[in-house]
Amino acid sequence: MKSLIESVDVSTRGKRRKAMVIVIGLLEKIRFAEEGYMERMPINLQGSNAYDVADESVATIIDAIASLSDAY
């Protein structure tokens, strides 16, 4: 049985572009969830390692979205 990723048809440029839109949308959803996690952190933890890691994750996801958006 094929995995979800293996079943995605990317045989044409148009299909690859549509798949990229889905990937970017999923990354946006992940980014918003990570930002929500950061917003729910108590103030006394906002200088913690967990907060810094989440902040770095958000920045990396934003960079990935920008790079992927430039691909097509």
Could you give the dipole magnitude of the chain about its Cα centre, charging the beta-carbon of Lys and Arg +1 and that of Asp and Glu -1, in debye to the nearest 20? 600 debye
How compact is the chain by the rule of thumb for globular proteins, expressed as Cα Rg over 2.2 N^0.38 Å? 1.43
If you keep only loop residues by DSSP, which trypsin sites (Lys or Arg not before Pro) in the range 1-62 have at most 12 other Cβ atoms within 10 Å of their Cβ? 2
Once the in-chain neighbours fewer than 8 apart are removed, the lysines whose Cα is under 23 Å from residue 2 read 15, 18
For the chain, what's the relative contact order in percent, using C-alpha pairs closer than 8 Å and at least 6 residues apart? 33 percent
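Only the coordinates and a few stated rules stand behind these numbers; no lab work does. No experiment lies behind these values; they were computed from the predicted model shown. Note: ideal-geometry Cβ built from the backbone for every residue, glycine included; neighbour counts use all protein chains shown.
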